[in-house]
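Have a look at the structure below before the remarks.
The values are calculated or read from the model by the stated rules, or taken from the named source; none is laboratory data. Computed from a predicted model, the values in this text were never measured in an experiment. With ideal geometry, Cβ positions are generated from the backbone for all residues, glycine too; neighbour counts draw on all protein chains shown. When the accessible area is computed, the model is the full protein with side chains, heavy atoms only, and any ligands, DNA or RNA have been set aside. Shrake-Rupley method; radii C 1.70, N 1.55, O 1.52, S 1.80 Å.
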Amino acid sequence: MTRAVVGKELRVLWASPVPYVVGALLQLVLGLLYVDQLAARRQALFQPAVPIAGFLLLALTPLVCMRAVAEEARSGTLELLLAVPVAGRPLVVGKWLAAWITVLVVLAPVVLFVLLLEWFGNPDLGPVLSGLVGLALLAGALAALGVLASSLTSTQPVAAMTAFFVSLLLWFAHVRAEALSVGGVMDRLSISERLRGFAGGVVDTSDVAFFVLLAAAALTLAAAAVDGRRLR
Amino acid sequence: MIEAVRLSRDFGGREAVREVSFSVAPGEVVAFLGPNGAGKTTTIRLLLGLLRPAAGRADVTRPVGYVPELFAGYDALAVSSYLGFLARMKRVPRAEVEPSLGAAGAADLAGRPVGRLSKGQRQRVGLAQALLGRPPSYVLDEPTQGLDPAQVVEARTLLRSLASDGAAVLISTHLLAEAAAVADRVVVIVRGRVVAEERPGEAGDLERRFLELVGRGELT
Ligand SMILES: Nc1ncnc2c1ncn2[C@@H]1O[C@H](COP(=O)(O)OP(=O)(O)OP(=O)(O)O)[C@@H](O)[C@H]1O
Ligand SMILES: [Mg+2]
């Protein structure tokens, strides 16, 4: 069931211009900013690419996810599926997997930067690998948030904006955290702080668990939102 | 078996359907008639569990073939992949796709993208989708809208054959001639209430009766 949803979603998604545009924008901006960083540091480091790519994913993943449920709700296909009845969970999990795969494919050319580094100098492969793992996990969590936002509305732009602003809040959750009484909690919610560990070469299980739990929580809510559409 | 038992539903205080009861037995085709806004689609969505009834209950033998009022598909997919996907969702073998398309008169459309179909072609694909797996119940919301006269006749034959195979078939329609020709019974709904449930006579009789039930003023 989930496999069929993934296959259908991938076909529909890649028939639209979204992945191509998102991919082009991501690589272009990332390339410019990263080369600028390399030139400034005069060191063969992959590390600076991680937060740049992470922040770009924040803006671009919602575009990949926005149609997931919202478009099916608008076009009436969701109602067709709910009448079968198809449960919310395989539906949102399939949509999330397709979105995640799509983001990973679009992100994949960053390995070219690694090859570039090899040519430049002698990069330490540990941080490169952990950085890539961190980005992949971040993409999974962001895709889940995007699918959740998409399941709450039948308007795609609203879904994209909601997902973007929620991700943005999570990205900057640590800012001025020490000034707040809940600062410790906010610090732990910050996805940019989590990503920083990966970029530095550390794969911390608590950071991995954080992204996995974030994705699981978002998908659970999204499935509930889809099931909630059945009886309104 | 399709059964509505005193179904009621309002939208924001406005009554859409009020204590609607009727049933469709296996082997029967029932036409659901009523003017625009009478509550046909609302009743159908209540039957399918897509809307929560304010009161009453719905009982439909599953699986159920459903043709929504407006065709719903994925524009980018070919007709055969669209049906293949829905077959997977309905847990029906993919091999069912071809016969369903054939039965709905849409065999020639298999390779066409859904987004490029004409209105009548879309309607036929929508019907094919409902036929997947030959379920015991069919709930069809205006399944013949947009079909040309030859297709309407074919659809009529198809609905009769589904019923003679033992399925319960409910169709909503505005075409009285069609209702008279295909249905064993007609259920007439006006302003959310069932006002008549009877055998259809000849098309002309049904039209006279319908206008009488609905009140001429409402059709202008
Ligand atoms: N989701 C909704 N929100 C608010 N009102 C609704 C909703 N769905 C239907 N209604 C109202 O309920 C009433 C019945 O609508 P319904 O779609 O069931 O009519 P219908 O008999 O199918 O009409 P038609 O022949 O035009 O298809 C109408 O007054 C309609 O405006
Ligand atoms: Mg209707």
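Points to keep in mind about this one:
- Some residue of segment B:108-118 being within 10 Å of another protein chain (Cβ to nearest Cβ), more than 16 Å from ligand 1 (Cβ to nearest atom) and either open to solvent by 10 Å² or more (accessible area, probe 1.4 Å) or of a type in the set (Asp, Glu) (or both): yes
- Residue in segment A:224-231 that is of a type in the set (Lys, Arg), in contact with a helix residue (DSSP H, G or I) (Cβ under 8 Å, 6 or more places away or on another chain) and not in a loop (DSSP other than H, G, I, E, B) present: no
- Helices (runs of 4 or more DSSP H) enclosed by segment A:134-207 - at least 2 residues per element that are in contact with a Ser or Thr (Cβ under 8 Å, 6 or more places away or on another chain) and open to solvent by 20 Å² or more (accessible area, probe 1.4 Å): A:156-171
- Residues of segment B:23-37 satisfying the condition of being among the hydrophobic types (A, V, I, L, M, F, W, C) and open to solvent by less than 10 Å² (accessible area, probe 1.4 Å): B:Val24, B:Val29, B:Val30, B:Ala31, B:Phe32, B:Leu33
- Residue list for segment B:43-64, filter: surrounded by fewer than 17 Cβ atoms within 10 Å (Cβ to Cβ) and out of contact with any Pro (no Cβ under 7 Å at 6 or more places or on another chain): B:Arg52, B:Ala54, B:Ala55, B:Arg57, B:Asp59, B:Arg62
- Checked against the criteria, B:Ala95 counts as away from ligand 1 (no atom under 16 Å from the Cβ) and open to solvent by 50 Å² or more (accessible area, probe 1.4 Å).
- Flag if A:Val93 is under 20 Å from A:Leu28 (Cα atoms), at pLDDT 95 or above and either in contact with an Asp or Glu (Cβ under 8 Å, 6 or more places away or on another chain) or surrounded by fewer than 24 Cβ atoms within 10 Å (Cβ to Cβ) (or both): no
- Residue list for segment B:9-48, filter: of a type in the set (Gly, Ala, Ser), modelled with pLDDT of 95 or more and more than 8 Å from ligand 1 (Cβ to nearest atom): B:Ser21, B:Ser23, B:Ala25, B:Gly27, B:Ala31
- Boolean, B:Gln123 is open to solvent by less than 60 Å² (accessible area, probe 1.4 Å), out of contact with any Phe, Trp or Tyr (no Cβ under 9 Å at 6 or more places or on another chain) and over 19 Å from B:Ala167 (Cα atoms): no
- Qualifying residue in segment B:33-46 (condition: within 19 Å of the chain's Cα centre (by Cα), more than 12 Å from chain A (Cβ to nearest Cβ) and of a type in the set (A, V, I, L, M, F, W, C)): yes
- The listed residues are A:Leu38, A:Leu82, and the only one of them that is at pLDDT below 95 and in a helix (DSSP H, G or I) turns out to be A:Leu38.
- Filter pass, A:Val69 being in contact (Cβ under 8 Å) with a residue 24 or more places away in the chain and away from every other protein chain (no Cβ under 14 Å): no
- Within segment B:144-175, restricting attention to residues that are in contact with a helix residue (DSSP H, G or I) (Cβ under 9 Å, 6 or more places away or on another chain), within 16 Å of ligand 2 (Cβ to nearest atom) and modelled with pLDDT under 95, the residue that is nearest to B:Gln129 (Cα to Cα) is B:Thr144.
- Screening B:Leu131 on (1) open to solvent by 30 Å² or more (accessible area, probe 1.4 Å); (2) more than 10 Å from chain A (Cβ to nearest Cβ) shows it passes everything except condition (1).
- Each residue in segment B:50-80 was checked for being under 16 Å from A:Gly76 (Cβ atoms) and within 16 Å of ligand 1 (Cβ to nearest atom), and 9 pass.
- Qualifying position, being open to solvent by less than 10 Å² (accessible area, probe 1.4 Å) and either of a type in the set (S, T, N, Q) or more than 14 Å from every other protein chain (Cβ to nearest Cβ) (or both), among B:Val67, B:Val17, B:Val5: B:Val17
- Residue within segment A:110-128 that is within 14 Å of chain B (Cβ to nearest Cβ) and open to solvent by less than 30 Å² (accessible area, probe 1.4 Å) present: no
- Among residues of segment B:72-89, those that are more than 8 Å from chain A (Cβ to nearest Cβ) and touching a helix residue (DSSP H, G or I) at 6+ places or on another chain (Cβ under 7 Å), counted: 7
- B:Ser161 falls short on exactly one of the conditions (1) in contact with a His (Cβ under 9 Å, 6 or more places away or on another chain); (2) in a helix (DSSP H, G or I); (3) polar (S, T, N, Q), and that condition is (1).
- Long-range neighbours under 7 Å by Cβ, at least six apart or interchain, first residue part of a loop (DSSP other than H, G, I, E, B) and within 13 Å of ligand 1 (Cβ to nearest atom) within segment B:138-153, second open to solvent by 20 Å² or more (accessible area, probe 1.4 Å) and modelled with pLDDT of 90 or more: B:Glu142/B:Glu69
- Count of segment B:36-59 residues, restricted to those that are near ligand 2 (Cβ under 8 Å from one of its atoms) and of a type in the set (D, E, K, R), is 1.
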